[in-house]
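J.: Got a structure here, written out as structure tokens. Questions coming.
The values are calculated or read from the model by the stated rules, or taken from the named source; none is laboratory data. These numbers come from a predicted model, not from an experiment. Cβ sites come from the backbone with ideal geometry, for glycine too, and all protein chains shown count toward neighbours. For accessibility, only protein heavy atoms count, side chains too; no ligands or nucleic acids. Shrake-Rupley method; radii C 1.70, N 1.55, O 1.52, S 1.80 Å.
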Amino acid sequence: EPEVTQTPSHQVTQMGQEVILRCVPISNHLYFYWYRQILGQKVEFLVSFYNNEISEKSEIFDDQFSVERPDGSNFTLKIRSTKLEDSAMYFCASGLGGRDQPQHFGDGTRLSIL
Amino acid sequence: GENVEQHPSTLSVQEGDSAVIKCTYSDSASNYFPWYKQELGKRPQLIIDIRSNVGEKKDQRIAVTLNKTAKHFSLHITETQPEDSAVYFCAASKDSGYSTLTFGKGTMLLVSP
């Protein structure tokens, strides 16, 4: 069964540094998402992306965050100047869109800001 | 925006017992309600979902019920097994494929042998 893949599995970064999290969605999916999960808390929506543009974003997704689909397969989340509170598990998800088509999640990237 | 409340936060049962996890949602426009199982350090995995035109859906030992009038939905696991131990998240969205998911806070289910 095809899966969403994410790299790296764990990223350790100094506060203030830029970080890029990478995702390869399932190949025929059209909708892409980033969610994050602070340790022990619920999964929170960050941003959705469709047709090469952001379709929706949460209040968490401020100017420090950006997303890109640089080629036909990768979907990236960039955090420009990381803060301690950015430490979390970041999940990428993708979906076909439409009725009865759920979102499929990747294994996540654990981001640790020092 | 949508708000999803989930109870209980932890649930301990004996192997073979049933487990019930309940969620309420606030946005009457929500029409898709998936449940995800997350094992420690792993991805959330979809285990069952229900749409608002259906009251109940079953898949082997797992069932979900939806009361659209009351805006609540529940996950039922029968004949629980130790491998059912995980955190379970309910979620709600206005549609399945492209609307954002709003998650509940999760229920840690522990099934003791």
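J.: If you build the Cα gyration tensor of chain A and take the root of 5 times each eigenvalue, what three semi-axes come out, in whole angstrom, biggest first?
T.: Semi-axis lengths for chain A are 23, 14, 13 Å.
J.: ³J(HN,Hα) across segment A:45-62 via Karplus (A = 6.51, B = -1.76, C = 1.60, θ = phi - 60°), whole Hz, x for Gly/Pro?
T.: Once θ is set to phi - 60°, the couplings for segment A:45-62 become 6, 10, 7, 10, 9, 8, 6, 6, 8, 5, 9, 7, 9, 8, 5, 5, 7, 8 Hz.
J.: Another question, if that's okay. Tell me: how much accessible area in total is hidden between A and B, 1.4 Å probe, Å², nearest 100?
T.: Using a 1.4 Å probe on protein heavy atoms, the buried area is about 2000 Å².
J.: Got a sec? Charge dipole of chain B, +1 on Cβ for Lys and Arg, -1 for Asp and Glu; which of B:8, B:67, B:108 is way out at the positive end?
T.: Looking along the dipole axis, the top candidate is B:67.
J.: Quick one: order B:20, A:4 from most to least accessible surface, probe 1.4 Å.
T.: From most accessible down to least: B:20, A:4.
J.: In segment B:70-113, what residues drop by 20 Å² or more of accessible area when the other protein chains are put back, versus the chain on its own? Use 1.4 Å, and skip ligands and nucleic acids.
T.: Buried on complex formation: B:89, B:96, B:97, B:98, B:100, B:101, B:103, B:105.
J.: Would you mind working out the magnitude of the charge dipole of the protein assembly as shown relative to its Cα centre, with +1 at each Lys and Arg C-beta and -1 at each Asp and Glu C-beta, to the nearest 20 Debye?
T.: 180 debye
J.: Any lysines with Cα under 16 Å of the residue B:71 Cα? List them, leaving off those in the same chain fewer than 8 positions away.
T.: B:22, B:94
J.: Mind giving me the nanometre distance, one decimal, between the label points for residue A:13 and residue B:46, set 7 Å out from Cα along Cα→Cβ?
T.: Placing both labels 7 Å beyond Cα along the Cβ direction yields 2.9 nm.
J.: In debye, nearest 20, what is the charge dipole magnitude of chain B about its Cα centre with +1 on Lys and Arg Cβ and -1 on Asp and Glu Cβ, if you could check?
T.: Taking the Cα centre of chain B as origin, the dipole is about 300 debye.
J.: Here's something else I'd like to know. What are the principal axis extents of the Cα atoms in segment A:65-114, in Å, biggest first?
T.: Extents along the principal axes, in whole Å: 41, 21, 15.
J.: Before I look further, what does chain A give for accessible area per residue, probe 1.4 Å, in whole square angstrom?
T.: Numbers: 5810 Å² over 114 residues.
Per residue, chain A has an accessible area of 51 Å².
J.: Now for a separate question. For a quick check of understanding: with a 1.4 angstrom probe and all protein chains in place, what accessible area in square angstrom does residue B:57 have, to the nearest ten?
T.: 80 Å²
J.: Here is a further query. Set the Förster distance to 41 Å, then compute FRET efficiency between residue B:72 and residue B:110 from the Cβ-Cβ distance, nearest 0.05.
T.: So the FRET efficiency works out to roughly 0.95.
J.: Can I ask one more? Please calculate how many Å² of accessible area chain B carries per residue, with a 1.4 Å probe and no DNA, RNA or ligand atoms counted. Walk me through the numbers before you get to the answer.
T.: Working: 5410 Å² over 113 residues.
Solvent-accessible surface per residue comes out at 48 Å².
J.: Then there's this: Once phi is turned into θ = phi - 60°, what whole-Hz ³J(HN,Hα) does the Karplus curve with 6.51, -1.76 and 1.60 give for every residue of segment A:15-21, x standing for Gly and Pro?
T.: My calculation for segment A:15-21 gives 3, x, 7, 8, 9, 10, 9 Hz in order.
J.: Within a Cβ distance under 10 Å of residue A:113, other residues only, what is the Lys/Arg minus Asp/Glu net charge? Walk me through the intermediate numbers first.
T.: Values: positive: A:83; negative: A:85, A:86.
Summing Lys/Arg as +1 and Asp/Glu as -1 gives -1.
J.: Considering only the other residues whose Cβ falls under 9 Å of the Cβ of residue B:103, what net charge follows from Lys and Arg at +1 and Asp and Glu at -1?
T.: +1
J.: If amide hydrogens are placed 1.01 Å from N in the peptide plane, which non-local residues have theirs closer than 5 Å to the one on residue A:55?
T.: A:48, A:49, A:50
J.: Check which residues have an amide H placed less than 5 Å from residue B:91's amide H, if you skip close sequence neighbours.
T.: Amide H to amide H, under 5 Å and 5 or more residues apart or across chains, residue B:91 pairs with B:104.
J.: Suppose each label sits 7 Å from its Cα in the direction of the beta carbon; what would the residue A:114-residue B:15 distance come out to in nanometres?
T.: 4.3 nm
J.: Per residue of segment B:102-113, in order, report the coupling 6.51 cos²θ - 1.76 cosθ + 1.60 (Karplus, θ = phi - 60°) as ³J(HN,Hα) in whole Hz, putting x for Gly and Pro.
T.: 9, 9, x, 7, x, 10, 7, 9, 10, 9, 8, x
J.: Can you tell me which of B:83, B:15, B:39 moves the most in a GNM of chain B? Springs connect C-alpha atoms under 10 Å apart.
T.: Of B:83, B:15, B:39, the Gaussian network model singles out B:83 as fluctuating most.
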